């Protein structure tokens, strides 16, 4: 799956303007929270995991288009996946955006591939990486 620059821009803006998992005033009692070290991006996330499968997710966040769209796309892909499958998505997505490996399983990343060149804009790397960080925290803490 490859995307032109225009395709990438359109996908990012679609998820930014029409998020599927972003909600207002979520119950933060059991939420996981993360704030960027580089900008105003911040997120509270709730993952509903049953029988080792992500059944649903919601997040409340403030931030830029790269941060919010990558979060929404990630959750769309991760929904109904097992924890092990989600960990594999996180690993491959991290490798993709950090340009760490040539052995990336691009087929499992689907629309997350629109962020493959985000490292060329170092100020946006952290924005795209926030979802990986918060999902790792949420999975590790349960």
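Does residue 20 qualify as being at pLDDT below 95 and either surrounded by 18 or more Cβ atoms within 10 Å (Cβ to Cβ) or under 25 Å from residue 6 (Cα atoms) (or both)? For residue 20, the condition - at pLDDT below 95 and either surrounded by 18 or more Cβ atoms within 10 Å (Cβ to Cβ) or under 25 Å from residue 6 (Cα atoms) (or both) - is not met.
A residue that is surrounded by fewer than 21 Cβ atoms within 10 Å (Cβ to Cβ), touching a helix residue (DSSP H, G or I) at 6+ places or on another chain (Cβ under 8 Å), in contact (Cβ under 8 Å) with a residue 60 or more places away in the chain and under 15 Å from residue 15 (Cβ atoms) occurs nowhere in segment 95-108. Within segment 60-75, being free of Cβ contacts under 8 Å to residues at least 60 places away in the same chain and either in contact with a helix residue (DSSP H, G or I) (Cβ under 7 Å, 6 or more places away or on another chain) or assigned to a helix (DSSP H, G or I) (or both) holds for 61, 65, 68, 69, 72, 75.
The values are calculated or read from the model by the stated rules, or taken from the named source; none is laboratory data. Fair warning: this is a prediction, and the values are worked out from it, not measured in the lab. With ideal geometry, Cβ positions are generated from the backbone for all residues, glycine too; neighbour counts draw on all protein chains shown.
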